[in-house]
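Visitor: One structure is given below, represented as structure tokens, and several questions about it will come after.
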Amino acid sequence: MPLVINGEEVGDRVVEEEFDAIKQHHESRGEVVCCDRDVEFRQRAIDHVVNRTLLRQECLILLGENPEEELAQAVADLKAQHGSEENFYRNTGYKPEQEDQIRLRVGETLAVTRMLDHHLGPDPEPSDEDLRRFQQEHLEQYQSAEEVHTWHIYLEPNGPDDSHRCYDLLRKARRELLAGADFETKSKELCRPDHLLDLGFYRQGSMVREVEIVTFSMEIGEISPVVATHFGFHLFKVIDRKPSVPLPFEDIREDLAKSYLQVWRERNVQELIDRLKAKATLVTPTLEDTVHE
């Protein structure tokens, strides 16, 4: 069963190309994409094609055909993005004799852009009150990172056979520290002179993950169990902590304004698409119909 949108039949190839683009996008981000996500990607492909087609159809009704000069410029701009026409054809797989297909695809994108520009109009200028409210609504995105300040005692085994000795030394040292021994003194006793005692403040994502899991779960003054990393064996003591706090408004006002406008656009575009879908006649294929061996 083909995809039909307000009486306009959309070829299977269009959905298949959108599916391939979605899958390639996830692969380009380093994700391992297997066939177990094909159903998800195909549904997204159908949704994308429906949305674009509805916007193009509405543009034709309200704004008419794309002006020829705008379409020609859009095609020229697309080819220029590849450096030259020769590069464009080589990179995209199109051939010079397929110019009509190129204009058709570019024309759809241009119509969607014209429709969205018409619907959205000029960007709003949010007030400080708007942005402060937006910050509160998205507080997790606009807070400083939690930080922890630690010291550590570190022993590096000289080989596999030396691991037990290092581990046992740190187990013994931990018992002594819990009994009241001085951490700095014990560090100088056990560690090489070039090993750093004070690791300073650090946030999650900047330290070895095994270390972060332990130290961010500790309280000030607490001594960790023996922690093994690929560097060796460690004991940690938390010296201080900095909690996550809201970032100063003036420091992030520009970022807040950009995010505010992005959310505003996405919300208004989705509202337009929802209205178009509500009055549209859609015949969508089952996911099985769109699968090609």
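Visitor: In the stretch 207-230, which residue that is within 23 Å of Leu169 (Cβ to Cβ) and of a type in the set (Ser, Thr, Tyr) is nearest to the chain's Cα centre (by Cα)?
Guide: Thr215
Visitor: Just checking: which of the strands (runs of 3 or more DSSP E) contained wholly in the stretch 130-249 hold 2 or more residues that are loosely packed, with under 13 Cβ neighbours inside 10 Å and either of a type in the set (A, V, I, L, M) or modelled with pLDDT of 95 or more (or both)?
Guide: Details: elements: 147-155, 198-203, 233-242.
Here the list reads 198-203.
Visitor: Can you pull out every residue in the stretch 241-286 that is basic (Lys, Arg) and under 22 Å from the mean Cα position of the chain (by Cα)?
Guide: Taking the stretch 241-286 and keeping what is basic (Lys, Arg), we get 241-242, 253, 258, 265, 267, 275, 277, 279.
Arg253, Lys258, Arg265, Arg267, listed by residue number.
Visitor: While we're here: Somewhere in the stretch 210-225, is a residue more than 18 Å from Val148 (Cβ to Cβ) and touching a strand residue (DSSP E or B) at 6+ places or on another chain (Cβ under 6 Å)? Explain how you work it out, then say what you get.
Guide: Start the filter on the stretch 210-225 by keeping residues that are more than 18 Å from Val148 (Cβ to Cβ), which leaves none.
No, because not a single residue in the stretch 210-225 is more than 18 Å from Val148 (Cβ to Cβ) and touching a strand residue (DSSP E or B) at 6+ places or on another chain (Cβ under 6 Å).
Visitor: Here is a list of conditions, (1) in the same structural domain as Val214 (by TED's automatic domain parsing); (2) polar (S, T, N, Q); (3) touching a helix residue (DSSP H, G or I) at 6+ places or on another chain (Cβ under 7 Å), and Gln135 meets all of them except one; can you say which number that is?
Guide: Single failed check for Gln135: (1).
Visitor: Shifting gears a bit: Please specify each residue of the stretch 7-59 satisfying the condition of being touching a Pro at 6+ places or on another chain (Cβ under 9 Å) and closer than 24 Å to Gln270 by Cβ.
Guide: Step one: of the stretch 7-59, the residues touching a Pro at 6+ places or on another chain (Cβ under 9 Å) are 9-12, 15, 46.
Within the stretch 7-59, Val10, Val15, Ile46 meet the criteria.
Visitor: Of the residues Glu212, Glu156, Glu184, only one is among the acidic types (Asp, Glu) and within 13 Å of Phe233 (Cα to Cα); which? Reasoning before the result, please.
Guide: Details: Glu212 fails: within 13 Å of Phe233 (Cα to Cα); Glu184 fails: within 13 Å of Phe233 (Cα to Cα).
Glu156 is the lone residue from the list that is among the acidic types (Asp, Glu) and within 13 Å of Phe233 (Cα to Cα).
Visitor: Looking only at the stretch 159-181, filter to residues that are small (Gly, Ala, Ser) and touching a strand residue (DSSP E or B) at 6+ places or on another chain (Cβ under 8 Å); which one of those is nearest to Ile239 (Cα to Cα)? Before you say what the answer is, go through the steps one by one.
Guide: Of the residues in the stretch 159-181, the ones small (Gly, Ala, Ser) are 159, 163, 173, 179-181.
Okay, now just the ones that are also touching a strand residue (DSSP E or B) at 6+ places or on another chain (Cβ under 8 Å), so 163, 173.
On the way: Ser163: 27, Ala173: 18 Å.
Only one residue tops the list, namely Ala173.
Visitor: May I ask you to say which residue of Leu78, Leu55 is out of contact with any strand residue (DSSP E or B) (no Cβ under 9 Å at 6 or more places or on another chain) and either in a loop (DSSP other than H, G, I, E, B) or under 29 Å from Ala278 (Cβ atoms) (or both)? Break it down into steps so the answer makes sense when it comes.
Guide: Details: Leu78 fails: either in a loop (DSSP other than H, G, I, E, B) or under 29 Å from Ala278 (Cβ atoms) (or both).
The conditions single out Leu55.
Visitor: Now, a different point. Could you identify the single residue in Val39, Val75, Val49 that is more than 21 Å from Gly7 (Cβ to Cβ), surrounded by 17 or more Cβ atoms within 10 Å (Cβ to Cβ) and out of contact with any Cys (no Cβ under 9 Å at 6 or more places or on another chain)? Before the answer, list the steps.
Guide: Values: Val39 fails: surrounded by 17 or more Cβ atoms within 10 Å (Cβ to Cβ); Val49 fails: more than 21 Å from Gly7 (Cβ to Cβ).
Only one candidate qualifies: Val75.
Visitor: Here's something else I'd like to know. Before we move on, is Glu40 assigned to a helix (DSSP H, G or I), of a type in the set (D, E, K, R) and at pLDDT 95 or above?
Guide: On the way: assigned to a helix (DSSP H, G or I): yes; of a type in the set (D, E, K, R): yes; at pLDDT 95 or above: no.
Spelling it out, it is not the case that Glu40 is assigned to a helix (DSSP H, G or I), of a type in the set (D, E, K, R) and at pLDDT 95 or above.
Visitor: Taking the stretch 84-117 as the search range and keeping residues that are among the small types (Gly, Ala, Ser) and at pLDDT 95 or above, which one is surrounded by the most Cβ atoms within 10 Å (Cβ to Cβ)? It would help to see each step written out before you state the result.
Guide: Filtering the stretch 84-117 down to residues among the small types (Gly, Ala, Ser) leaves 84, 93, 107, 111.
Right, trim to at pLDDT 95 or above and you get 107, 111.
Values: Gly107: 17, Ala111: 23.
Applying the filter and picking the extreme gives Ala111.
Visitor: Return the residue satisfying two criteria in turn: it lies in the stretch 1-36 and is in a loop (DSSP other than H, G, I, E, B) and among the charged types (D, E, K, R), and of such residues it is surrounded by the fewest Cβ atoms within 10 Å (Cβ to Cβ). Before you say what the answer is, go through the steps one by one.
Guide: Filtering the stretch 1-36 for residues in a loop (DSSP other than H, G, I, E, B) gives 1-2, 6-7, 11, 29-34.
Checking which are among the charged types (D, E, K, R) leaves us with 29, 31.
Working: Arg29: 8, Glu31: 11.
Once the filter is applied, the top-ranked residue is Arg29.
Visitor: What is the one condition in (1) among the polar types (S, T, N, Q); (2) at pLDDT 90 or above; (3) assigned to a helix (DSSP H, G or I) that Asn66 does not satisfy?
Guide: Of everything listed in (1) among the polar types (S, T, N, Q); (2) at pLDDT 90 or above; (3) assigned to a helix (DSSP H, G or I), Asn66 misses just condition (3).
Visitor: Determine if the stretch 132-143 includes at least one residue that is in contact (Cβ under 8 Å) with a residue 24 or more places away in the chain, closer than 23 Å to Ala76 by Cβ and of a type in the set (D, E, K, R). Break it down into steps so the answer makes sense when it comes.
Guide: Of the stretch 132-143, the ones in contact (Cβ under 8 Å) with a residue 24 or more places away in the chain are 132, 134-135, 138-139, 141-143.
Remaining after also requiring closer than 23 Å to Ala76 by Cβ: none.
Checking the stretch 132-143: not a single residue is in contact (Cβ under 8 Å) with a residue 24 or more places away in the chain, closer than 23 Å to Ala76 by Cβ and of a type in the set (D, E, K, R).
The values are calculated or read from the model by the stated rules, or taken from the named source; none is laboratory data. Predicted model, so just to flag it, every value in this text is computed and none were measured. Glycine gets a Cβ as well: all are built from the backbone with ideal geometry, and neighbour counts include every protein chain shown.
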